[in-house]
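S.K.: I have a structure here, written as C-alpha cells, and I will follow up with some questions on it.
Quick note: the coordinates plus some simple rules give every number you see, no bench work behind them. None of these values were measured; they are calculated from a predicted model. For neighbour counting, all protein chains shown are included, and Cβ atoms are generated from backbone atoms with ideal geometry for every residue, glycine included.
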Amino acid sequence: MQEFINGTDPYVNEGALSNEDFFNAATAVTIYPNPVKKSFNITIDNRFDISKISDIKIYTSNASLLYHTTTYEQIINVEELNSGLYFIKIIVEGSHNNKKHTH
C-alpha cells in the first residue's frame, strides 16, 4: 500500500484494447464430438497456420500416452480405444491446449 501512496506501485495494469487481445492459440482448438464413438474432429481457428501444430497427443486418465503425431490430422480414429476418459494435448504455436474427451 505504501508503494502505491508513494507513486511507486510495482503492479502494472495493462487492459485488453479489443477482443482480439484475448485471442491466443490456447483457445484456437476445437475438438468434437464429445463423447466420441469412432473418430473426433480437430479444427483450428483460421487465424493460425495449421503447419504451426507441433504435437497432437492422446493420454489415458492414468497419463499413459496412447497416440502421438507431429502433423495436423483433422480426423483421428479412436474406435479401437476402450471406453473411458482421455486427455488430448495439442500444441499450436508453442501454446498447450489440453482437452478432456470421453469415448
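S.K.: Just for strands (runs of 3 or more DSSP E) wholly inside region 63-103: which have at least 2 residues that are in contact (Cβ under 8 Å) with a residue 24 or more places away in the chain?
M.R.: Working: elements: 65-69, 75-77, 85-92, 95-102.
Answer list for region 63-103: 75-77, 85-92, 95-102.
S.K.: Of the residues V78, V36, which is touching a Phe, Trp or Tyr at 6+ places or on another chain (Cβ under 8 Å) and not polar (S, T, N, Q)?
M.R.: Within the list V78, V36, the selection yields V78.
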